[in-house]
1. Based on this model, can you work out whether F120 counts as touching a Phe, Trp or Tyr at 6+ places or on another chain (Cβ under 9 Å), assigned to a loop (DSSP other than H, G, I, E, B) and of a type outside the set (V, I, T)?
2. Got a sec? Which strands (runs of 3 or more DSSP E) wholly within the stretch 1-103 have at least 3 residues that are modelled with pLDDT of 50 or more and of a type in the set (S, T, N, Q)?
3. Any idea how many residues of the stretch 105-143 are under 16 Å from the mean Cα position of the chain (by Cα) and among the hydrophobic types (A, V, I, L, M, F, W, C)?
4. Give me the pairs, please: first residue somewhere in the stretch 101-117 and over 12 Å from R85 (Cα atoms), second residue anywhere and among the basic types (K, R) and at pLDDT 90 or above, beta-carbon distance under 9 Å, and either six or more positions apart or on two chains.
5. Which residues, counting only those in the stretch 144-180, are under 14 Å from the mean Cα position of the chain (by Cα) and among the basic types (K, R)?
6. Cβ contacts < 6 Å: first residue touching a residue at least 24 places away in the same chain (Cβ under 8 Å), restricted to the stretch 49-65; second residue β-branched (V, I, T) and surrounded by fewer than 17 Cβ atoms within 10 Å (Cβ to Cβ), any location; separation 6+ or different chain. Result?
7. Restricting attention to the stretch 137-178, report how many residues are surrounded by fewer than 17 Cβ atoms within 10 Å (Cβ to Cβ), in contact (Cβ under 8 Å) with a residue 24 or more places away in the chain and part of a strand (DSSP E or B).
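The values are calculated or read from the model by the stated rules, or taken from the named source; none is laboratory data. The shown structure was predicted, so the numbers you read here are calculated from the model rather than taken from an experiment. Virtual Cβ from ideal backbone geometry, glycine too; neighbours counted across all protein chains shown.
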Amino acid sequence: MRGRVWLGAVAFIALAGCERKAGEAPAPAHGRVPAMVAPARRPGLWEQRVSNGDTLQVGRICLDPEVDRKLSWWGVQATADICARNLVTHRPDGRWQFSSVCDLGSGGTVTTSGIVSGDFTAHYQFRGQSSTVAAAVPHMNGVRPLTVDAAWLGPCPADMKPGDLSLPGGQKMNMLVLHV
């Protein structure tokens, strides 16, 4: 179950935005609506508390600027070719609002929306929900909440390289390998 929460969180975050620098003039690709990107997260070790409403999973990820660019906190990099809409708006109150609609083929159509707040140097919080329809596996359909509370802990430890995600129980995986 723990692995499912993290993989669900990775998929959820991967469906929520677009890679583009704030203020950069977006260029439409394949008729899709582009968006802007919020500030980068501070390099180092981040603890992420991921909740889907029923389960809480705590993990730690080591980030450097390249990993953060490739695996941004809302990570459309993995979904740019399948998302018909990726909207990200910097709100006057400093928070970021996002929404996307992505066609996952037999995984259904996933509509994601939410708000991200924080300074991205010490803390940020991701609150959103996704709605999946027309998935081939019936239990994938439905509306699911997701909250990610992330806090910067300091430099990455010597036994972690950028992209490494450590989970309770000693599990460790490199998110760049999963991202390929």
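1. Working: touching a Phe, Trp or Tyr at 6+ places or on another chain (Cβ under 9 Å): yes; assigned to a loop (DSSP other than H, G, I, E, B): yes; of a type outside the set (V, I, T): yes.
Yes, satisfied.
2. Values: elements: 44-51, 56-63, 83-90, 96-103.
It comes to 96-103.
3. Residues that pass the stated criteria total 5.
4. G114/R127; I115/R91; I115/R95; I115/R127; V116/R95; V116/R127; S117/R95; S117/R127
5. Just the residues of the stretch 144-180 that are under 14 Å from the mean Cα position of the chain (by Cα), to begin with: 145-150, 163, 165, 175-176, 178-179.
Matches in the stretch 144-180: none.
6. Short answer, once both residue conditions are applied: R49/V58.
7. The qualifying residues number 4.
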